[in-house]
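Everything below concerns the one structure shown next.
We did not get these values from a lab; they are worked out from the coordinates using the rules stated. As the structure is a prediction and not an experimental result, all values here were calculated from the model. Note: ideal-geometry Cβ built from the backbone for every residue, glycine included; neighbour counts use all protein chains shown.
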Amino acid sequence: MDFKKFLPWIIGIVVIFIIYSWVKGINNTAVSFEQNINEAWGNVNTSYQRRNDLIGNLVNTVKGAADFEKSTLTAVIQARAKATAITVDPTNVTPEQLAAFNSAQSGVSSSLSRLLVSVEAYPDLKANKSFEKLQDELASTENQILTARTRFNDAVKPYNIHIKTFPNSLFAGLFGFKEKAYFQAVEGAEKPVEVKF
């Protein structure tokens, strides 16, 4: 049997197997990173959902104060409705989608802050144990949101690095992997907060 006759075929098969393994590794690693992003996005949504649930309870508690400013309550309810209407697909998250989501959630934070500040004028409401507990839970939830957003960005980074580095970038586009957006600070967050007494 002439071994040299089969040598080109053997080399060809080995080269094809190496290329296949390498491309499979690029794809499977990107899939794994993408699943981490999906999980992190689920945690972001869970944190925001918890806040929305607490806001509902908070609004119902505040409604009990008969002379409370209705416009402040309405602003919170409308901001919450707008924020829950925006959905983002973590497998195809774009900077524009994330900016719209971020803006809507910022509207909730802003209207909620106005609500909590205006409560200062209502000592009975401030002394309400249910309201006090809800305020504490909201503060805790805001911390959870910050943590979830940070972890989402931490999950996006290795994925983006993986699909954008050469030679992975040659194949990532063929498999449909696109760069993911990061959470950014809300526009105007770099300006100092004006405090009035």
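Name, by its number, the condition in (1) surrounded by 15 or more Cβ atoms within 10 Å (Cβ to Cβ); (2) not in a helix (DSSP H, G or I) that does not hold for PHE131.
Of everything listed in (1) surrounded by 15 or more Cβ atoms within 10 Å (Cβ to Cβ); (2) not in a helix (DSSP H, G or I), PHE131 misses just condition (2).
Contact list please: Cβ distance under 9 Å, first residue in segment 154-175 and under 13 Å from ASN36 (Cα atoms), second residue outside any loop (DSSP other than H, G, I, E, B) and among the aliphatic types (A, V, I, L, M), pairs at least six apart or on different chains.
Going by the 9 Å Cβ cut-off, the qualifying pairs are ASP154/ALA40; ALA155/ILE37; ALA155/ALA40; VAL156/ILE37; VAL156/ALA40; TYR159/ALA30; TYR159/ILE37.
Six or more apart or on different chains, Cβ under 8 Å: which pairs go from a residue in segment 28-40 that's among the polar types (S, T, N, Q) to one that's crowded, with 19+ Cβ neighbours inside 10 Å? Could you list them?
What qualifies is ASN36/ALA155; ASN36/TYR159; ASN38/PRO90.
From the list VAL88, VAL76, VAL108, which residue is in contact with a helix residue (DSSP H, G or I) (Cβ under 6 Å, 6 or more places away or on another chain) and more than 17 Å from LEU58 (Cα to Cα)?
On inspection, the qualifying residue turns out to be VAL88.
Would you please name the residue that is surrounded by the most Cβ atoms within 10 Å (Cβ to Cβ), looking only at residues in segment 82-108 that are among the hydroxyl-bearing types (Ser, Thr, Tyr) and touching a residue at least 24 places away in the same chain (Cβ under 8 Å)?
Looking only at segment 82-108, we keep the residues that are among the hydroxyl-bearing types (Ser, Thr, Tyr), and these are 84, 87, 91, 94, 103, 106.
Next, from what is left, pick out any that are touching a residue at least 24 places away in the same chain (Cβ under 8 Å): 84, 91, 94, 103, 106.
Values: THR84: 14, THR91: 14, THR94: 14, SER103: 14, SER106: 17.
The selected residue is SER106.
Could you list, in sequence order, all residues of segment 91-105 that are in a helix (DSSP H, G or I) and either closer than 23 Å to LYS63 by Cα or aliphatic (A, V, I, L, M) (or both)?
LEU98, ALA99, ALA100, ALA104, GLN105, listed by residue number.
Go through (1) surrounded by 13 or more Cβ atoms within 10 Å (Cβ to Cβ); (2) in a helix (DSSP H, G or I); (3) of a type outside the set (Phe, Trp, Tyr) one by one and return the number of the condition LYS4 breaks.
(1)
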